[in-house]
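S.K.: Mind looking over this structure? Questions follow.
Just so it is clear, none of the values below were taken in a lab; they were calculated from the coordinates. For clarity, every value in this text was computed on a predicted model and none was experimentally measured. Cβ atoms come from the backbone with ideal geometry, glycine included; neighbour counts cover every protein chain shown.
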Amino acid sequence: MEMLVGVAVFVVFVIVLLIKTAVVVPQRNEYVIERLGKYRDTLSAGFHILIPFLDRVAYKRSLKEEPIDIPAQTCITADNVTMEVDGVLYLQVINARQSAYGIEDYRFAAIQLAQTSLRSAIGKITLDNTFEARETLNQQVVDALDEAAQNWGVKVLRYEIKDIQPPRSVLEAMEKQMRAEREKRAEIARSEGEKQALINRAEGERAEAIALSEGEKMKRINEAEGRAQEILKVAGATAEGLRKVAAALAAPGGHDAANLDVAKKYLDQFGKLASENNTMILPGNLTDVASMVATAMSTLRQTDSRPAPSS
């Protein structure tokens, strides 16, 4: 019985010894080992054997990128506007020994330094520039943290502002300003549209007036050319008729035919006087038709006897 108890105690001792001496470090992790309270070594990923009761795992550090939530804090802008700002910080342990002995708690220190750096950066700009300068603010926080974290064995990768919450009154004022700005842009767009419409109508009316005047001009030119052509045609026809009359008078028996035609027209026109007008003007030699014909023929002969104009 005593032997069984002794074996059991030995087995327990062996198990405890294995637990104390065998250490398996996961991938992307490092363990800081102390011997009798003093730093001895940093174990990387893999299987390791420690000296029991002398060595111990003092700190365990993950080398993965680690996000840390930065609580919301009150910040005051350069134009004395109070706002609530929160964010998230991404950092990574690059030296397990420095992260263990360089600072008590690197996470708490990073949070505090991020908040103070952000308050300082926001205090230098106005409210309107706060929303536009997020990238600049993020970079300023990263630069401040990275400089301080060099002694902590920590690398600050980036910082992102999650939310900026101005006071309710400021939000209402900003909303009114945005609404006024949208209405202003809409009014400008409408006025520009009306202006362009007026310009287009004026140009259309101008083009129409020019087209109408050009049409009227062409119409008058065509009418003038038509009248000129008509006058030339009439003159040509008249000249041709006169030449034919002159040729007929110069032919044998032409004067006798002309006498007969003049006498006939004289009698026809004289017969119409009574039917067209109540008042009649009678020549003194009414019955002497031959004398009237002779006078007309004498005129024709005088015309024929005139020399033709030299060409």
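S.K.: For THR126, enumerate residues with amide H under 5 Å from its amide H, sequence gap 5+ or separate chain, H modeled in the peptide plane.
M.R.: ALA78
S.K.: Local charge sum around ALA237 (other residues, Cβ-Cβ under 13 Å, Lys/Arg +1, Asp/Glu -1)?
M.R.: Net of charged neighbours comes to +1.
S.K.: Quick one: which residues, 5 or more positions from ILE70 or on another chain, have an amide H under 5 Å from its amide H? H modelled 1.01 Å from N in the peptide plane, none for Pro or chain starts.
M.R.: Here the answer is GLY87, VAL88, LEU89, since their amide H atoms fall under 5 Å of that of ILE70.
S.K.: Straight-line reach from LYS38: which aspartates and glutamates have a Cα under 15 Å away, not including same-chain ones fewer than 8 places off?
M.R.: Cross-link targets: ASP55.
S.K.: Karplus couplings for region 43-56 from phi (6.51 cos²θ - 1.76 cosθ + 1.60, θ = phi - 60°), rounded to Hz, Gly and Pro as x?
M.R.: Once θ is set to phi - 60°, the couplings for region 43-56 become 8, 8, 4, x, 9, 9, 10, 9, 7, x, 6, 10, 9, 8 Hz.
S.K.: Follow-up question, since we're still on this one. Distance from a point 7 Å along Cα→Cβ of THR126 to each backbone N in region 46-82: keep the residues under 11 Å and list them by number.
M.R.: Answer for region 46-82: 78-80.
S.K.: Net charge near PRO67, counting Lys/Arg +1 and Asp/Glu -1 over other residues with Cβ under 12 Å of its Cβ?
M.R.: 0
S.K.: I would also like to ask the following. Taking amide hydrogens as modeled 1.01 Å from N in the peptide plane, which residues meet the under 5 Å criterion relative to LEU63, leaving out close sequence neighbours?
M.R.: Under 5 Å from the amide H of LEU63 lie the amide H atoms of ASN29, GLU30, each far enough along the sequence or on another chain.
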